[in-house]
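Please read the structure below before turning to the comments.
Read-outs: derived from the displayed coordinates by stated rules, not from any lab. All values reported here derive from a predicted model rather than from experimental measurement. FYI the Cβ positions are ideal-geometry reconstructions off the backbone, even for glycines, and counts take in every protein chain you see.
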Amino acid sequence: MVFWVFGYGSLVWNVGFEYDEKVIGFIKGYRRVFDLACIDHRGTPENPARTCTLEEKEGALCWGAAYCFRGGPEREKLAMQYLERRECEYDQKTLVDFYKETDTLNPALTGVIVFTSTPDKSNKYYLGPAPLCNMARQIAAACGPCGNNKDYIFLLEMALRDIGREDDMVIELANEVRKVIEDIENVITKDKLVGPEQLPYPHNPTPALQLHSLLEPIALDSL
């Protein structure tokens, strides 16, 4: 048996599992957006991080990496269990066509699994869009078991650059996060501030969300 999964976020640089094959390519009709709350990896229920999910958009391309699992039913089951735990904040799995640069018209793979989130209030982890500056402030402040939210955006930016497929949205958001961090550091240096209550941006820049930690979280990033 063989199945493929498409990674467009942390799976591009931080796989975390054994796989049989990795292919760089893209899927059609989707783009990255940072509309998903993460409370177990790069954030907490009190101060959720923003991580990426996919949004349908006609004509869009989303580059990333497809990973293959070969073997019997037991290996496939273990791989899917791992992915479902890691992607616990994504509430749907979609089958997509996957393309390579060498042939952009005919899919190289079909039936590739991709984890996404429902973009409405039925998904309690869906934050929805926000102004760029607000998202940057939230990302600059959030931190969880896997580390800082800002590192997530910076590592994604670097990983896409490494595969030769930079994402304008990722670059723009990462640069805005850098501006927020620089502003905070400048104020701290100038006024010798030590408490987050004195920073130019609120420590928790988004309204409190009624989120609860999931059982048995694992210290790994999401897609």
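Descriptive notes on the structure:
- Total residues in segment 51-79 satisfying the condition of being surrounded by fewer than 12 Cβ atoms within 10 Å (Cβ to Cβ) and either at positive phi or in a strand (DSSP E or B) (or both): the figure is 3.
- Among (1) within 17 Å of SER10 (Cα to Cα); (2) in contact with an Asp or Glu (Cβ under 7 Å, 6 or more places away or on another chain), the one test that TYR126 misses: (1)
- Selection from segment 106-121 of residues that are polar (S, T, N, Q), in contact (Cβ under 8 Å) with a residue 12 or more places away in the chain and either farther than 30 Å from GLU76 by Cβ or surrounded by fewer than 17 Cβ atoms within 10 Å (Cβ to Cβ) (or both): THR110, THR118
- Residues satisfying the stated conditions in segment 80-106, i.e. under 18 Å from ILE39 (Cβ atoms) and assigned to a loop (DSSP other than H, G, I, E, B): GLU87, CYS88, GLU89, TYR90, ASP91
- Residue in segment 183-191 that is on the phi < 0 side of the Ramachandran plot, aliphatic (A, V, I, L, M) and in contact (Cβ under 8 Å) with a residue 60 or more places away in the chain present: no
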